[in-house]
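Okay, structure first, notes after.
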Amino acid sequence: MTDSVELVIFDCDGVVIDSEVLSARVLIRMLSELNINIDMHYVQQHFLGCSFKSVSEKIAFTFGVSVPEQFESDYRHALVTLFAEQLQPTAGIKNILLNLNVPFCIATSSSLLRTQKALNVVGFDAFFKNIFTSEEVSVGKPAPDLFLHAAQQMGVLPQNCLVIEDSSAGIQAAISANMQVMHYFGGKHLDKGVNHVHINFPDVALLSHWRSFFTTYPTLTHESSL
């Protein structure tokens, strides 16, 4: 960590909110209705951190099936319903948001509407006034465009940004953007699975629980001890 951190960029799904396992359940169920049978392990390995457009393209390439035109809107509707019933923040993240002493924002592959609804469900909408989505750039993760866009809008140089991600696509995007990056794997979707992200990026710093964050970055907290 040779550069100071002036901005923390959070991915949303699987980092701020524990949504990936819920998203995977909906996707697995809906794809099974198209005779595409996958499991949580497959979703983690191939779809984690990807936009819906990217997931659809991967499905078409791998299974030779184009999802119906109504599929995305049905998927998002089912997801919002499930979020309202079961969505929770990742364990310990609220303490981080309350005690960070530098600006922070979200940069996500999800849509702005879905992200805002999800943050509202867990009571985090007041924390995140700056949300940047893949809708704002021509190429999403693993390209660096979204993170570079977020840094530019926040007025911070890329090397002074710390990205916290749970996916290979997101980590590759942060590296390509010349940003500091930490791999968070405390979400429920990664509880028992093989950590493919760590296999792909063994040199990226790991964070298994938010309680360890300020131990790694003690200068980023308002509190002297947490």
Subject >> Meets criteria (β-branched (Val, Ile, Thr), surrounded by fewer than 22 Cβ atoms within 10 Å (Cβ to Cβ) and touching a residue at least 24 places away in the same chain (Cβ under 8 Å)) for Val15 >> reply: no
Original post:
Any idea which of Pro158, Pro103 is over 15 Å from the mean Cα position of the chain (by Cα), more than 21 Å from Phe83 (Cα to Cα) and either buried (at least 17 other Cβ atoms within 10 Å of the Cβ) or of a type in the set (Val, Ile, Thr) (or both)?
Top reply: Pro158
Subject >> Enumeration of residues in the range 116-132 that are closer than 29 Å to Thr219 by Cα and either touching a strand residue (DSSP E or B) at 6+ places or on another chain (Cβ under 9 Å) or surrounded by 16 or more Cβ atoms within 10 Å (Cβ to Cβ) (or both) >> reply: Leu119, Val122, Gly123, Phe124, Phe127, Phe128, Lys129, Asn130, Ile131, Phe132
**OP:** Of the numbered conditions (1) farther than 27 Å from Thr215 by Cβ; (2) crowded, with 17+ Cβ neighbours inside 10 Å, Glu135 fails exactly one; give the number of that condition.
**Re:** (2)
Original post:
Under 8 Å by Cβ, and 6 or more places apart or on different chains, what pairs join a residue from the range 76-92 that is within 13 Å of Ser23 (Cα to Cα) and part of a helix (DSSP H, G or I) with one that is open to solvent by 40 Å² or more (accessible area, probe 1.4 Å) and among the aliphatic types (A, V, I, L, M)?
Top reply: Phe83/Val121; Ala84/Val121
Subject >> Flag if Val121 is without any contact (Cβ under 8 Å) to a residue 12 or more places away in the chain and out of contact with any Gly (no Cβ under 7 Å at 6 or more places or on another chain) >> reply: no
**OP:** Scan the range 187-203 and give yes if some residue there is over 13 Å from the mean Cα position of the chain (by Cα), part of a loop (DSSP other than H, G, I, E, B), farther than 22 Å from Tyr42 by Cα and at pLDDT below 95, otherwise no.
**Re:** yes
Subject >> Among the residues listed as Ser54, Ser66, Ser23, Ser73, the single one being outside any loop (DSSP other than H, G, I, E, B) and at pLDDT 90 or above >> reply: Ser73
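The values are calculated or read from the model by the stated rules, or taken from the named source; none is laboratory data. Everything numeric in this text was worked out from a predicted model, so none of it was measured. Don't worry about glycine lacking a Cβ; one is built from the backbone with ideal geometry, like all the others, and counts go over all protein chains shown. The protein model used for the area step is the full one, side chains on, heavy atoms only, and it has no ligands, DNA or RNA in it. Shrake-Rupley method; radii C 1.70, N 1.55, O 1.52, S 1.80 Å.
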